[in-house]
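The values are calculated or read from the model by the stated rules, or taken from the named source; none is laboratory data. Since the model is a prediction, treat every value here as computed from it, not as a measurement. Backbone-built Cβ (ideal geometry, glycine too); neighbour counts: all protein chains shown. The protein model used for the area step is the full one, side chains on, heavy atoms only, and it has no ligands, DNA or RNA in it. Shrake-Rupley method; radii C 1.70, N 1.55, O 1.52, S 1.80 Å.
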Amino acid sequence: MKQFQYIRPATQQSVLDAITKPGARILAGGSNLIDLMKRGVTSPDKLVDIQKLPLKGISKSTGNVSSISIGALELNSAVAENKLIKEEFPLLSMALNAGASPQLRNMATVGGNMMQRTRCTYFYDTAMPCNKREPNSGCGAMEGINRMHAIFGTSEKCIAVHPSDMCVALAALDASVEVKSKKGTRYIPFTEFHRLPGETPQLDNTLTTGELITRVIIPHNNFAKNSYYLKVRDRASYAFALISVAVGLDIQGGNIKEARLAMGGVAHKPWRLKAAEQFLKGKPATVANFEQAASLAMQGAKSFGHNDFKLKMAPASIIEALSNAAKLS
Amino acid sequence: MKQQAQHTPPFTEGINRVDGIMKVTGAAKYSAEYELPGMTYAVFAISNITKGIITSIDIKAAERAPGVLAVLTHLNAPKVPGYESGKDPSKPPTTGGPLKFFVDNTVKYNGQPIAMVVADSFERATYAASLIKAQYKKEQHETDTEKNKFKAAAPKGGRNGGDYKRGTPDDWKTAAVKVEQEYVVPINVHNPMELSVTLAHWTADDKVTVYAKTQGVKSTQNAIAQAFKLPVENVQVTTKFVGGAFGNALRTWPHEIATVQAAKLVKRPVKTVLTRELQFNTVGYRPYTWQKVSMGASADGKLTGIIHEATAQTSSFEEFTEGTVNMTRFMYACPSVGTVYKITPLDVNTPTWMRGPGEATGAFALESAMDELADKLGIDPIELRIRNHADTDPENGKPFSSKNLKEAYEMGADKIGWSKRKLKPGTLTEDGWLIGYGMGTGVFGAGRGRATVKAALLDSGTLLIQTSVTDIGVGTGTAMTQIASEIFTGIPVKKIKFELGDSSLPPSPTQGGSTITSTVGGAVHDACTQLKEKFQQLIGNGGTDKPDYVKVLKEKNLPQLEVTVTSSGSTEMRNFSSYSYSVHFVKVKVHPKTGVVRVDNVVSVADSGHIVSPKTARSQIIGGAIGGIGMALMEEGIMDHRYGRYVNNNYADYHVPISADIPQIDALFVNKPDYRVNPMGAKGMGEIALIGMSAAVANAVYNATGKRIRELPITPDKLLA
Ligand SMILES: Cc1cc2nc3c(=O)[nH]c(=O)nc-3n(C[C@H](O)[C@H](O)[C@H](O)COP(=O)(O)OP(=O)(O)OC[C@H]3O[C@@H](n4cnc5c(N)ncnc54)[C@H](O)[C@@H]3O)c2cc1C
Ligand code: SF4
């Protein structure tokens, strides 16, 4: 590990002052960043520990549309167990509890979870080619071991997936992200926070240098009763998703009034299934309809060898998750 | 033949782990936890190529880095005197030998240490190692066993070389019912929690003390003495606790020798703790093994011929062989059996024994094939095994010293509810999951080797027992205490002290191959028995069952009464075949849409003689079953053969079962003593706890789904294919 400076400012302003240079990196729970530093994947000059900032707390605001705000430093475990979240957005709670292990969830923060980097093994091994770690060095996974890799939105440069479970739920829940910088405050719709690799796979998301995530805001919805997070993985816990599906359904009298669907383990960002949502709107909650929705969702999917199975597992998982959310069976 | 007249001690609950409280409170001191004054830390820089020559290596920046004391490479490393004499004299020359680090510029596998940095802290050594830059002349490498199977040949040395044939094995071809299938067990990596540790400290020019993670302090002592041309007694090796090993600390690896060498150079204690990544290619692994089983049976399910072939990987510089196909020779009463075992050298480090070793690999194939045969015959897989039960050893015609396999089948079937199993796969469901039951048999040789034990009655009332054996977590200390306590019934367990893990104590063999309870237990038994006799002589006839030892020793003015006893198995054993058996029963749930497999229930039955230490025996069985679940469902060391590099050499990506994967596991014991093996009537059980388990899981998955997965691990993608 290269030597670096470590600071722990007490105010938001001093954090914002400290992160204007690209060599500075925000440190939250450290459960991803420190690993990457140990492996030599990233070597910041300066770590700006934000744990002293008052970015905790989960609160409800009632306005025209009520919403729940979650501080960026709130722990994954605390959000998952929070009463408000469990009542209003059980989907988020389920997704969080499906992630990592209890120990990690006790360290991991909401902001850190959003910003965690891909688990692509070539990205982690500095002796291997990887366009994300080292632009234009090649993509090791494309013709290598790509069992965990993407089937949607890939580019010639990168086929990595975003590994988060929490983010899949937040994408489905139409959350938005509050971001502060010296220039002020901006709000990014969650589905636009992460990006596809395109020509610049080194960029995971649309956050720019100097910006700090302060809160995530989830608007009220009617999905609480019919939500489900399905995570298919190689072992029962402490494994990244092969496929995950977040479902929120608003079912009134057997008919789907609104549907929200997002998938994890399939793309460089949480993958919203808009076409399937559109299709389900106004339709009865039946397996036949779920099957059609799944096949719509799979349009444009492309696999790379070891991950061919995802073309089967993904639609099967969509149907299973929808059926569970709708409490069929 | 005359059996020793002994009674079976009652099957009680057994004593608690003697070191349990130390372990859970952190008082147990593992090898990496020793701190010595002036201690330094070693970290390796490793090769990023798989095969070739180091043309130049730049260590200047590393040498200048803060805290660095030395950087060793092939250009400057002081000679290891024992390396000069060439090959290890204890091995036949054709089988090669372990790699020696820093002796020349060749790279033989990816991740091979090319330099060693010694610094005043681990972090500084790690940083300095990252500054080392090497230039290579690369050569074409081969790391893919599948692709290089055609190069496979019979091993030149070792115990597992040579084809085996009895009768006319090709008879399977003309049988009424046939199975001819290929099976693959990928690389498995031991991955114990505790990393490889060596802390070396030269206390004089010709004296070195080593705290090591090893399964055998004596073998490590000998290896270091040989390497540095020292009298054996000048090498002190201590291993008080081991955080799991599963075979990866059975031999002394080159990085351990390098650590001793570095300590000599810097004249300070040097500690090496391998990183998790380096565990994958520095301390062995279960080799990738391709197998083919061809078997035939008559319509009434009698085996007529079996051919079991296996090809495994080894390194380019050393032959590693194991007993992969050996079980097929004696497991079933089949008149015609052929086995073929080959190895193919690759540009990888040498594999090594991993729990259950080759037998676990072989049992996956044999016991899967038996299940396939039963399925084709339309009979229950247990019934097929009973119809082909070997009453005497078909390999050599000898009687078994004991064998209660039929009883074990019955006990396990009963416990798991085997009667609920359907012959036709894919017919049982529970809550939308497919349900399947499967079983598999395990077997491993049960012998008794030589060990020396010192037993002493102290006038403090303590019974002190000493021998050099290590306890790799299996509960050796507990089992030995239990054996002693059954002889000295008058001494409370907490007054029995079993000292182990120290090369200056009387010699015991390396812990491995399920021999310790028999070998060391036998010697403890003999030593305690002789000590008791000596005491009886002291007090003359008419002593009571529970004499007051302290009072007698004080009266006789003796600070202690001791014996040192060397003992080993009886020659009578030559007339018998002796094995431990296990039968594993598994109930699985398979999700029909996602292919996710969950093990729902496990019953493992051990037929391993008298169970001397029931609590730790139960733990052994549970641990083996968990290892078997890992082998069956998740473990695989994955290499990108284009680079010859592992892509999952960490705990996040190399999956072993976690708590949520583990169901109720019942450990049952036939518990019938076999006094031919040793006076306790005990046979080993560490290996059988795992052998056969992966087949049981695969067979259960077949029973649930109708899908036969012949390439481990059984991950959801394979079930969806
Ligand atoms: C073995 C293992 C298994 C795991 N399994 C899963 C899993 O199954 N599912 C899953 O979802 N996750 C999993 N994780 C990942 C885990 O969720 C992340 O490591 C964690 O969420 C990161 O949070 P942190 O607070 O520790 O982030 P840090 O490591 O502190 O930071 C991560 C990144 O976020 C940036 N950052 C942090 N906070 C802010 C902020 N407020 N504003 C701007 N940037 C910020 C940092 O600069 C850094 O780049 C696993 C991790 C490990 C190690
Ligand atoms: S998939 Fe992306 S992260 Fe992985 S090797 Fe290719 S470029 Fe790197």
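I'd like to know which of B:75, B:608, B:197 lies farthest towards the positive end of the charge dipole of chain B, counting +1 on Cβ of Lys and Arg and -1 on Cβ of Asp and Glu.
Sorting the options by dipole projection puts first B:75.
Counting protein heavy atoms only and a 1.4 angstrom probe, how many square angstrom of accessible surface do chains B and A bury in total, to the nearest 100?
So the total buried area for this chain pair works out to about 2600 Å².
Output needed for the stretch B:448-568: three equivalent-ellipsoid semi-axes, defined as square roots of 5 times the C-alpha gyration tensor eigenvalues, in descending order, whole Å.
Computed over the stretch B:448-568, the values are 26, 13, 13 Å.
How large is the translational diffusion coefficient of the stretch B:362-452 in µm² per second when you combine the Kirkwood radius over alpha carbon pairs with Stokes-Einstein at 37 °C and 0.692 mPa s?
Estimated diffusion coefficient is 212 µm²/s.
Nearest 0.05, what FRET efficiency do residue B:135 and residue A:202 give at R0 = 35 Å with Cβ-Cβ as r?
About 0.80, to the nearest 0.05.
Would you work out the charge dipole size for the stretch B:448-568 about its Cα centre, treating the Cβ of every Lys and Arg as +1 and the Cβ of every Asp and Glu as -1, and quote it to the nearest 20 debye?
My answer is approximately 100 debye.
Counting only protein heavy atoms, probe 1.4 Å: which residues of the stretch A:143-170 lose 50 Å² or more of accessible surface in the full assembly compared with their chain by itself?
With the partner chains in place, the stretch A:143-170 has these residues losing at least 50 Å²: A:145.
In cubic angstrom, how much convex hull volume per residue do the alpha carbon atoms of chain A span?
131
Is any helix in chain B, taking whole DSSP H runs, at least 27 angstrom long along its axis by alpha carbon and on average at least -1.0 on the Kyte-Doolittle scale, and which ones?
B:357-377, B:516-539, B:614-633
How large is log10 of I(q)/I(0) for the protein assembly as shown at q = 0.05 Å⁻¹ when the intensity is taken from the Debye formula with one equal scatterer per alpha-carbon?
Log10 I(q)/I(0), no solvent term: -0.35.
Using a 1.4 Å probe, how large is the accessible area of residue A:148, given in Å² and rounded to the nearest 10?
Surface accessible to solvent at residue A:148 totals approximately 70 Å².
What whole-number distance in Å separates the alpha-carbon centres of the stretch B:659-709 and the stretch A:178-250?
The stretch B:659-709 and the stretch A:178-250 have Cα centres separated by 45 Å.
Just want the answer: with Cβ charges of +1 for Lys and Arg and -1 for Asp and Glu, which residue in A:200, A:294, A:240 is farthest toward the dipole's positive end in the protein assembly as shown?
Of the candidates, A:200 comes out farthest on the positive side.
Principal axis extents for the stretch A:50-156, Cα atoms only, whole Å, descending order, please.
Principal extents (Cα only, largest first): 50, 32, 27 Å.
Of all accessible surface on chain B at a 1.4 Å probe, what whole percent is carbon and sulfur?
C and S fraction of accessible area: 51 percent.
A 18 angstrom limit on the alpha carbon distance is what I want to check against. Which of A:180/A:269; B:156/B:342; B:147/B:707; B:173/B:376; B:302/B:420 exceed it?
Among A:180/A:269; B:156/B:342; B:147/B:707; B:173/B:376; B:302/B:420, the Cα-Cα distance tops 18 Å for A:180/A:269; B:147/B:707; B:302/B:420.
Towards the positive end of the charge dipole of the protein assembly as shown, with charges on Cβ (+1 Lys, Arg; -1 Asp, Glu), say which of B:405, A:18, B:381 has the farthest Cα.
A:18
May I ask you to derive the relative contact order of the stretch B:448-568, considering only C-alpha pairs under 8 Å and at least 6 residues apart, and to give it as an integer percent? Numbers along the way, then the final one.
Numbers: 228 pairs, mean separation 51.8, N = 121.
So the answer I get is 43 percent.
Just need log10 I(q)/I(0) for the stretch B:285-351 at q = 0.14, 0.23, 0.29 Å⁻¹, Debye formula, equal scatterers on the alpha-carbon atoms, no solvent, rounded to two decimals.
Evaluating at q = 0.14, 0.23, 0.29 Å⁻¹ gives log10 I(q)/I(0) of -0.48, -0.90, -1.20.
For the stretch B:317-394, give the magnitude of the charge dipole about the Cα centre (Cβ charges: +1 Lys/Arg, -1 Asp/Glu; no others), in debye to the nearest 20.
With Lys and Arg at +1 and Asp and Glu at -1, about 140 debye.
At 20 °C and 1.002 mPa s, what whole-number value in µm²/s does Stokes-Einstein give for the translational diffusion of the stretch B:624-667, with Rh from the Kirkwood sum over Cα pairs? Intermediate results must be reported in sequence, preceding the final value.
On the way: Rh = 11.8 Å.
Rounded, D is 182 µm²/s.
As a test of understanding, state the convex hull volume per residue of the stretch A:5-52 from its alpha carbons, in Å³.
Spelled out: Cα convex hull of the stretch A:5-52, divided by residues, is 59 Å³.
First compute the accessible area of chain A with a 1.4 Å probe, then give the percent of it belonging to carbon and sulfur atoms.
52
List the lysines whose Cα lies under 25 Å from the Cα of residue B:551, skipping any in the same chain that are fewer than 8 positions away.
Excluding near neighbours in sequence, the set is B:454, B:494, B:495, B:497, B:532, B:534.
Distance in nm between label sites at residue B:414 and residue A:8, each 7 Å beyond Cα in the beta-carbon direction?
Here the answer is 6.2 nm between the modelled labels.
Between the stretch A:73-119 and the stretch B:478-539, what's the alpha-carbon centroid distance in Å?
53
What's the magnitude of the charge dipole for the stretch A:226-325 around its Cα centre, counting Lys and Arg as +1 and Asp and Glu as -1 at the beta-carbon? Answer in Debye, nearest 20. Could the numbers behind the result be given before it?
Values: 13 positive and 7 negative charges, 48 e Å.
Dipole of the stretch A:226-325, to the nearest 20 debye: 240 debye.
Could you give the Stokes-Einstein D for the stretch B:185-279 in µm² per second, using the C-alpha Kirkwood radius, 25 °C, 0.890 mPa s?
181
Restricting everything to alpha-carbon atoms, can you work out Rg to Rh for chain B with a Kirkwood hydrodynamic radius?
A ratio of 0.98.
If you scale each eigenvalue of the Cα gyration tensor by 5 and take the root, what three semi-axes come out for the stretch B:121-258, rounded to whole angstrom and sorted largest first?
After diagonalising the Cα gyration tensor, the semi-axes are 42, 23, 17 Å.
Net charge within 9 Å of residue B:634 by Cβ-Cβ distance, Lys/Arg positive one each and Asp/Glu negative one each, not counting residue B:634 itself?
Cβ neighbours under 9 Å give a net charge of -3.
Accessible area per residue of the stretch B:622-666 at 1.4 Å probe, in Å²?
Numbers: 1370 Å² over 45 residues.
Per residue, the stretch B:622-666 has 30 Å² of solvent-accessible surface.
Only protein chains counted, 1.4 angstrom probe. Which residues of the stretch A:224-264 are at least 10 Å² less accessible in the assembly than when their chain is isolated?
A:232, A:233, A:234, A:235, A:236, A:237, A:238, A:239, A:240
How long, wide and thick is the stretch A:282-325, going by the Cα atoms along their three principal axes, in whole angstroms, largest first?
36, 19, 12
Over the stretch A:226-325, what per residue volume does the convex hull of the Cα atoms give, in whole Å³?
Output value, Cα hull per residue: 89 Å³.
With all protein chains present and a 1.4 Å probe, how do B:392, B:198 order by accessible area, largest first?
B:392, B:198
Could you list log10 I(q)/I(0) for the stretch B:49-165 at q = 0.12, 0.19 Å⁻¹, which the Debye formula gives when each Cα is one point scatterer?
For the stretch B:49-165, the Cα-only Debye profile gives -0.62, -1.10.
Roughly how many whole Å is it from the C-alpha centroid of the stretch B:326-391 to that of the stretch B:177-253?
For the stretch B:326-391 versus the stretch B:177-253, the Cα centre distance is 29 Å.
Take the stretch B:274-425, compute every pairwise Cα distance, and split them into 10 Å bins from 0; I just need the percent in each bin.
10, 32, 31, 18, 9, 0
Could you calculate the contour length gain from residue B:558 to residue B:497, that is, 0.36 nm times the residue separation minus the distance between their Cα atoms, to one decimal place in nm?
Between residue B:558 and residue B:497, full extension yields 20.0 nm more.
Can you tell me the accessible area per residue over the stretch A:169-292, all protein chains present, probe 1.4 angstrom, in square angstrom?
38
With a 1.4 Å probe and all protein chains left in place, how much accessible area per residue does the stretch B:184-264 have, in Å²?
Heavy-atom SASA per residue in the stretch B:184-264 reads 28 Å².
Relative to the present Cα-Cα distance, how much length would full extension add between residue A:174 and residue A:155 at 0.36 nm per residue of separation?
4.3 nm
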